[in-house]
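The values are calculated or read from the model by the stated rules, or taken from the named source; none is laboratory data. The structure presented is a predicted model; accordingly, all values stated were derived computationally and were not measured. No Cβ is skipped: glycine too gets one built from the backbone with ideal geometry, and neighbour counts run over all protein chains shown. Just so you know, the surface numbers come from the protein's heavy atoms only, side chains and all, with ligands and any DNA or RNA stripped out. Shrake-Rupley method; radii C 1.70, N 1.55, O 1.52, S 1.80 Å.
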Amino acid sequence: MSKTVHIESTAQFSALLSSSTIVVADFYADWCGPCRQIAPIYEQLSAQLSRPNKITFAKVNTDQQVDLARSYGVKAMPTFMIFKNARRIEFIEGADPKRLSEVVKNLANEANKMETEEAGESSSGGTWVGAELPRGYVDITDQVDFLGLELLNWDSSHGNARKLISGDKPRGTPEAKVDFVQSDSDEQLMIYIPFQSTVKIHSIHLTSLPDNTDDDESPSRPKLIKLFTNKPHILGFDEADGAPATQEVTLSENDWNSKTGTAKIDLRIVKFQNVSSLVMFVVESEGDNEKVRLDRIRIIGETGEKRGGKIEKIASDD
């Protein structure tokens, strides 16, 4: 039985991007000769590499899903797009089986490696607490809708958004690359955190451990952070630069606990009373380093009413 998902609506495709780490999409047409030629190869890749919630292969009939094809800029058939954490990372126009197989298998190998390392560390048990909890409030990180988590400008050879909210103790060793998130092209990092319920947030605990190497290019801890609440989707960097933040935080060296590598960010709680989503924008890192590192994020506060529906995810073409 085929493991390929046949897309019948835009909503179904958006839900798939939220539920599967990697999505490979084949935009095709029944009348397209090259589409028919490459179809058996695509089905073979799907049969070999599909894994629930990890790698999903989808087919989109462009004659039936005109709006979806138009929104993703499909101009020729077949067109293959590969999404990772709901962001498009590959665009292959035309029937190129060699390139398609190479790109998909590289992603599958990366997913296998990350899954293996994460499974190896999951046996430690317990929940990571890097700072003392304030009286009357609890760790509500379990209220995060992890399927809706998003990152912008992160190095995919390291951990992902789900690792940031995991409850295990950060390892802090240089070789544990998938145990923390590191920015990619510069020091800026954008994180979108939706919640399963409306929450009250008292504070945020950020853990950023040193890599204990002499590498001048090793990442630094966050310094300047902007927080935005109740956004329906992740912000672009230009958008975040120009938008008024719910709160702006500047961390100093004294804010970081020397033993746990954790900084406690106290919020103006009156502005964080009914929060359905949080965008965290790391604007600057310490020193002159061009990369920033985050190991864990814990959300401290109170839970509220369950939301009636999920925040709509707006897919990007990037």
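Between 0 and 90 degrees, rounded to the nearest ten: what's the tilt of helix 97-121 against the longest Cα principal axis of the chain?
That helix lies at roughly 30 degrees to the long axis.
Pop a pseudo-label 7 angstrom from the Cα along the beta-carbon direction at both Ile89 and Asn274 and give the gap in nm to one decimal.
Simple spin-label model gives 3.8 nm for this pair.
Looking at the chain as a GNM with Cα springs under 10 Å, which of Asp288, Asp186, Asp238 has the largest mean-square fluctuation?
Highest fluctuation among the options: Asp238.
Once you charge only the Cβ atoms, +1 for Lys and Arg and -1 for Asp and Glu, what is the size of the charge dipole of the chain about its Cα centre, to the nearest 20 debye? Spell out each step's value before the answer.
Values: 37 positive and 49 negative charges, 240 e Å.
Computed about the Cα centre, the dipole is about 1160 debye.
Quantify, in whole percent, the carbon and sulfur part of the accessible surface of the chain (1.4 Å probe; protein heavy atoms only).
Details: 7070 of 15040 Å².
Result for the chain: 47 percent of the exposed heavy-atom area is carbon or sulfur.
Explain nothing, just compute: Karplus ³J(HN,Hα) = 6.51 cos²θ - 1.76 cosθ + 1.60, θ = phi - 60°, for every residue of the range 8-13 in order, whole Hz, x for Gly and Pro.
Ordered by residue, 3J(HN,Hα) equals 10, 6, 5, 5, 5, 5 Hz.
What FRET efficiency would be calculated for the residue pair Asp186, Glu253, taking the C-beta separation as r and a Förster radius of 22 Å, to the nearest 0.05? All intermediate terms of the calculation are to be shown ahead of the outcome.
Working: r = 22 Å, r/R0 = 0.98.
The calculated FRET efficiency here is 0.55.
Run a plain Debye calculation on the chain (Cα atoms as equal point scatterers, no solvent) and give log10 I(q)/I(0) at q = 0.13, 0.15 Å⁻¹, rounded to two decimals, same order as the q list.
Here the Debye-derived log intensity ratios amount to -0.98, -1.22.
Picking from Val279, Ser183, Gly304, whose Cα lies most toward the positive end of the charge dipole for the chain (charges on Cβ: Lys, Arg +1; Asp, Glu -1)?
Positive-most Cα among the choices belongs to Gly304.
Would you mind computing, in nm to one decimal, how far apart the modelled labels at Trp31 and Gln12 are, each placed 7 Å from Cα along Cα→Cβ?
Modelled inter-label distance: 2.3 nm.
Which residue, Glu102, Glu302, Glu284, has the most motion in a Gaussian network model of the chain that connects Cα atoms within less than 10 Å?
Result for the chain, Cα springs under 10 Å: Glu102 fluctuates most.
With each pseudo-label sitting 7 Å past Cα toward Cβ, what's the Arg99-Thr173 distance in nm, one decimal?
Those two pseudo-labels are separated by 4.0 nm.
Could you pull out the longest piece of the chain with no exposed loop trypsin sites (Lys or Arg not before Pro) in it, calling a site exposed if DSSP puts it outside H, G, I, E, B and it has at most 16 other Cβ atoms within 10 Å? Walk me through the numbers on the way to the answer.
Working: sites that count: Lys3, Lys54, Lys75, Arg135, Arg171, Lys259, Arg268, Arg307, Lys310.
Maximal segment without exposed cleavage sites: 172-258.
With θ set to phi - 60° and the Karplus curve 6.51 cos²θ - 1.76 cosθ + 1.60, what are the ³J(HN,Hα) couplings of the range 252-258 in order, to the nearest whole Hz, using x for Gly and Pro?
3J(HN,Hα) across the range 252-258, in whole Hz: 10, 4, 6, 6, 9, 5, 5.
Please identify the GluC sites (Glu not before Pro) of the range 195-281 that satisfy two criteria: DSSP loop assignment and at most 10 other Cβ atoms within 10 Å. Which are they? Numbers along the way, then the final one.
Details: sites: Glu217, Glu239, Glu248, Glu253; in loops: Glu217.
For GluC sites (Glu not before Pro) across the range 195-281 that sit outside H, G, I, E and B with at most 10 neighbouring Cβ atoms in 10 Å, the list reads Glu217.
Using Stokes-Einstein with the Kirkwood hydrodynamic radius over Cα pairs, what translational diffusion coefficient do you get for the range 5-120 at 20 °C and a viscosity of 1.002 mPa s, in µm²/s rounded to a whole number?
On the way: Rh = 14.3 Å.
Approximately 150 µm²/s, per Stokes-Einstein.
Which whole-number value in Å² is the accessible area per residue of the chain, probe 1.4 Å?
Values: 15040 Å² over 318 residues.
Here the residues of the chain average 47 Å² of exposed surface.
Report, to the nearest 10°, how far helix 33-49 tilts away from the longest principal axis of the Cα atoms in the chain, using its own Cα long axis and a range of 0 to 90°.
Computed tilt is about 50 degrees.
Springs between alpha-carbon atoms under 10 Å, Gaussian network over the chain: tell me which of Gly159, Gly33, Gly148 tops the mean-square fluctuations.
Gly33
With θ taken as phi - 60° and the coefficients 6.51, -1.76 and 1.60, list the Karplus ³J(HN,Hα) couplings across the range 53-64 in order, rounded to whole Hz; mark glycine and proline as x.
Along the range 53-64, the couplings run 6, 10, 10, 10, 9, 10, 10, 10, 6, 5, 6, 8 Hz.
State the extension gain, in nm to one decimal, for the chain segment bounded by Ala76 and Gln64, taking 0.36 nm per residue of separation less the distance between their alpha-carbons. Write out the running numbers ahead of the final one.
Values: separation 12, 0.36 × 12 = 4.32 nm, distance 1.51 nm.
Length difference between fully extended and current span is 2.8 nm.
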